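**Q** Below is the structure I would like to discuss, written out as structure tokens.
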Amino acid sequence: MHSEAKPAEGAAEATTSTRSRRPRGTIVLKPERCKGCGFCIAFCPPKVLAFSAEFNALGYHPPELIRPEGCTGCDLCGLYCPDFAIYGVMLKDSTTPPADAARAEETT
Amino acid sequence: MKADPRGVLAGVHFLDGDQACAEGALAAGCRFAAGYPITPSTEIVERFAQRVPLLGGMFLQMEDELAASIAIQGAVWAGAKAFTVTSGPGFSLMMEHIGYAAMTETPCVIVDVQRGGPSTGLPTLPAQGDMQQARWGSHGDYEIIALAPNSPQECFDLTIEAFNLAEQYRTPVLVMMDEIVGHMTERVVIPPADQIEIVPRRYTTKPPADYRPFAPEADLVPAMARAGQGYRFHITGLTHDERGYPTTNVAAHDRLVRRLVAKIRNDATRLTRVEEHFLEDAEVIVLAYGITSRVALRAVQMARARGIAAGLLRPILIWPFPEARLRQLASRAGLSGILVAEINLGQIVREVERCVGGRVPVRLAGHAGGSVHHPQELFETIVEMAQAVEIER
Amino acid sequence: MSTEVYLPPNPVEALLRTDRMPHIWCPGCGIGTTMNCFARALQQARLDLDKVVIVSGIGCSGRVAGYANLDSFHTTHGRAIPFATGLKLANPELTVVVYSGDGDLIAIGGNHFIHAARRNVDLKVICVNNFIYGMTGGQVGPTTPATALTSTTPYGCPEQPFNLPYLAESAGAVYVARWTAYHVRQITHSMVEMFRKRGFCFLEILSPCPTLYQRRNRLGDGLEAMKYYKEASVTRHGAPTKEVAISFQGPILVGKFVDIERPTYLELLNQQLARTLEAQYTGCIEDHVRS
């Protein structure tokens, strides 16, 4: 399970291996906020999400990234999630933090 | 702080109470009013609407009194001083927002020019039938401040006072006029701006990071922020903690409601404003307020002319009730009774009975509304009360 | 090396009072979804968040104000619009957003809604329409589709609901759009357009109430509602609002229906006073408040 500020495993792999297909994006989860509505899974365009087997403290199954290489970082999951528990980022924008990154991080 | 001279129409005027009230609001720095037309209060906002655009302010006529009484609170949180005016039926509609202002500690002024009720009642004729509604009208526990002017001059003076008290205690303040006071025309002296003391809003001096919107200061009143200044505060009518966040915690509720009540109740003695006539040796005290106090004074003078030791106690600030002063008077030797004259069938008399606690007889001279008492009628009651004591002796 | 991968924060976090999470909304409720759109729209419109104020009434959607990290006012039931009116007129430099539910804005607050639209007060009104009173347990509301079951119409709703875009346009709104919680990108876009427009703007967002509306009507969970929105929605920008009424589980016309220009209340007031009072008129309340 992935949590805030820790990128999905696929993203980490992508930086070390250029041979496998490079994911264009990844997701970030705050699993403790998830209420298991399934919006992110149902409306993910490349269908890279699924319910995980694990329970969170609220008793729901948060989603997990089952096909990291397919994530485009489109953030539609972030737009749908009514519980602010997931969002997507594009990795091409993400490897170099913007100048105000430190400030942006503080707000999370 | 002194009044902004632009709003002060200094000089000697011949005004009715409604007009004087509007001038009082302008002198107090009020630049925003919202209202809904209702007799006999409308002349206040008519004058305000005439004058305030020249001072950079506005009057907005809303779709009803619910809207008027909450629009002023929006304006207050934007930084304006604001008030609304109404009469009985509209006052009933405003109750919810008196509660909201009490709960959110929004300083504002609501003027009720009382007319005969219940319901539509007597739109053009006087009454004092909203006095307990003023105290208890919104649901839940809260303390309120209410003033009762008895002349156009006081409509001016006490409207300024109402704005000042609203800012000092961060509470809605009610000005309980009546149709006669509102419509009677008399000499009104408006002093120059530098003789009018204005209580400014209590804005926080803390930076946003340290600011807690409902953390009280020493006098139990928290400092305000206003919208658009970066404080990112939350205001709710729900029970809230010092951050302003909703809570259903019973202890937090107890703390909040007790503070809302205590910030005013603890100051009740300091808030006492009464006018007294012939009380030094009075055997019969007449307690009356608003327009009725003028009739009552006449009756007291008639009694004095007959050798009866009558006196008048007039609460000017009626809520919180001048309890300490009344208790003091009631425990004096030689007092044979208190006569409460009011244009209702027994509202403030209940408060008097509670304060007196059976130490002296309390009698009501009630009136269902539509006119004032006749002084003769009050005089006769005073005589009766004095004679009853004579007979007992 | 994963530590070198920088991930920008969730855009919604900047808008949230994170110390109040998790929120009270049910699993599958769409109100949170609309807040994501709101956050992204604020970001896209590049508004100074210190000058954005959010005003809500009472109900599930009324809780948005409490979760938004803005100057926020949770007012009384139905009275968000008149409160917002006072706020906006007393300080016109604020962007004032009214965020509330269908029962709050249109039933108990219906009178204020039409009058603010008539005056063209510069307010951005976002109505989350879930067809029901959620907070109080699922009673019939002004937007409940005819025949739908609610706790107070247990044999089916006999009433005709309000067609909100038609109501808003008739009353004078200068911008009227409708989307569903499924249309997240379109909602965001409409919100940005509203932020850039002056005058009374109205956005209706149909949103699932899985706990009360969906369940009582045997319509599945929140996800089922979202799938219905996806399948039943037809985008028709500029559709005559008279034709966009909603029926029980029927087709839903969505889109931007109205986008016109009309002077705001404050502009008209200033014009009128300047014309009548001429040199005596020195400006509106704004200067006074700022001083």
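**Q** Please find, among B:Phe91, B:Phe156, B:Phe83, the residue that is in a strand (DSSP E or B) and buried (at least 24 other Cβ atoms within 10 Å of the Cβ).
**A** Only one candidate passes the filter, namely B:Phe83.
**Q** In addition: Any idea which residue in the range B:27-53 is most open to solvent (accessible area, probe 1.4 Å), counting only those that are farther than 21 Å from B:Glu179 by Cα and in a helix (DSSP H, G or I)?
**A** Here the answer is B:Gln50.
**Q** Among B:Ala262, B:Ala299, B:Ala303, B:Ala310, which is surrounded by fewer than 16 Cβ atoms within 10 Å (Cβ to Cβ) and either of a type in the set (Asp, Glu) or farther than 20 Å from B:Gln347 by Cα (or both)?
**A** Matching residue, one of B:Ala262, B:Ala299, B:Ala303, B:Ala310: B:Ala262.
Yes or no, residue by residue, for (1) open to solvent by less than 20 Å² (accessible area, probe 1.4 Å); (2) within 19 Å of C:Val258 (Cα to Cα); (3) small (Gly, Ala, Ser):
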residue: C:His115; (1), (2), (3): no, yes, no
residue: C:Ile132; (1), (2), (3): yes, no, no
residue: C:Thr136; (1), (2), (3): no, no, no
residue: C:Cys157; (1), (2), (3): yes, no, no
residue: C:Arg185; (1), (2), (3): no, yes, no
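**Q** Note down all Cβ pairs under 6 Å where the first residue falls in the range B:69-82 and is more than 7 Å from chain C (Cβ to nearest Cβ) and within 14 Å of B:Arg31 (Cβ to Cβ), the second is part of a loop (DSSP other than H, G, I, E, B) and open to solvent by less than 10 Å² (accessible area, probe 1.4 Å), and they're at least six residues apart or on different chains.
**A** What qualifies is B:Val76/B:Thr106; B:Lys81/B:Cys30.
**Q** Out of C:Leu219, C:Leu203, C:Leu253, C:Leu223, I need the residue that is open to solvent by less than 40 Å² (accessible area, probe 1.4 Å) and part of a loop (DSSP other than H, G, I, E, B). Which one?
**A** C:Leu219
**Q** Residues in the range A:51-62: is at least one at pLDDT 95 or above, closer than 21 Å to C:Asp221 by Cα and within 8 Å of chain C (Cβ to nearest Cβ)?
**A** For the range A:51-62, residues at pLDDT 95 or above, closer than 21 Å to C:Asp221 by Cα and within 8 Å of chain C (Cβ to nearest Cβ): present.
**Q** Looking at (1) in contact (Cβ under 8 Å) with a residue 12 or more places away in the chain; (2) more than 14 Å from B:Val109 (Cα to Cα), which is the one condition that is false for B:Pro53?
**A** It fails just one condition, (1).
**Q** While we're here: Checking the structure you have, find out if any residue of the range B:170-177 is more than 30 Å from B:Val295 (Cα to Cα) and open to solvent by less than 10 Å² (accessible area, probe 1.4 Å).
**A** yes
**Q** Which count do you get for residues in the range B:220-236 that are open to solvent by less than 10 Å² (accessible area, probe 1.4 Å), within 7 Å of chain C (Cβ to nearest Cβ) and either farther than 8 Å from C:Ser72 by Cβ or in contact (Cβ under 8 Å) with a residue 24 or more places away in the chain (or both)?
**A** Residues in the range B:220-236 being open to solvent by less than 10 Å² (accessible area, probe 1.4 Å), within 7 Å of chain C (Cβ to nearest Cβ) and either farther than 8 Å from C:Ser72 by Cβ or in contact (Cβ under 8 Å) with a residue 24 or more places away in the chain (or both): 4 in total.
**Q** I'd like the residue in the range A:46-72 that is in a loop (DSSP other than H, G, I, E, B) and in contact with a helix residue (DSSP H, G or I) (Cβ under 6 Å, 6 or more places away or on another chain) and, out of all such residues, is surrounded by the fewest Cβ atoms within 10 Å (Cβ to Cβ).
**A** A:Ala57
**Q** Hey, does the range B:110-133 have a residue that's closer than 29 Å to B:Gln229 by Cα, of a type outside the set (Lys, Arg) and open to solvent by less than 10 Å² (accessible area, probe 1.4 Å)?
**A** Checked against the condition, which is being closer than 29 Å to B:Gln229 by Cα, of a type outside the set (Lys, Arg) and open to solvent by less than 10 Å² (accessible area, probe 1.4 Å), the range B:110-133 yields at least one hit.
**Q** Assess whether C:Thr147 counts as being open to solvent by 10 Å² or more (accessible area, probe 1.4 Å), more than 9 Å from chain B (Cβ to nearest Cβ) and of a type in the set (S, T, N, Q).
**A** Yes, satisfied.
**Q** Where in the range B:245-346 are there strands (runs of 3 or more DSSP E), lying fully within it, with 3 or more residues that are closer than 23 Å to B:Thr171 by Cα?
**A** Qualifying strands (runs of 3 or more DSSP E): B:317-319.
**Q** Another one. Quick check: anything in the range C:65-80 within 11 Å of chain B (Cβ to nearest Cβ), open to solvent by 10 Å² or more (accessible area, probe 1.4 Å), assigned to a helix (DSSP H, G or I) and not aliphatic (A, V, I, L, M)?
**A** Scanning the range C:65-80, I find no residue that is within 11 Å of chain B (Cβ to nearest Cβ), open to solvent by 10 Å² or more (accessible area, probe 1.4 Å), assigned to a helix (DSSP H, G or I) and not aliphatic (A, V, I, L, M), so the answer is no.
**Q** Hey, among B:Leu313, B:Leu339, B:Leu335, which residue is under 19 Å from the mean Cα position of the chain (by Cα) and not charged (D, E, K, R)?
**A** B:Leu313
**Q** Within the range B:94-104, identify whether any single residue is more than 14 Å from every other protein chain (Cβ to nearest Cβ), open to solvent by 10 Å² or more (accessible area, probe 1.4 Å) and within 19 Å of B:Pro320 (Cβ to Cβ), and answer yes or no.
**A** no
The values are calculated or read from the model by the stated rules, or taken from the named source; none is laboratory data. Everything quoted here is computed from the prediction, not taken from an experiment. Because the Cβ atoms are built from the backbone with ideal geometry, glycine has one as well, and the counts that use them run over all protein chains shown. In case anyone asks, the SASA skips ligands and DNA or RNA and just uses the protein heavy atoms, side chains included. Shrake-Rupley method; radii C 1.70, N 1.55, O 1.52, S 1.80 Å.
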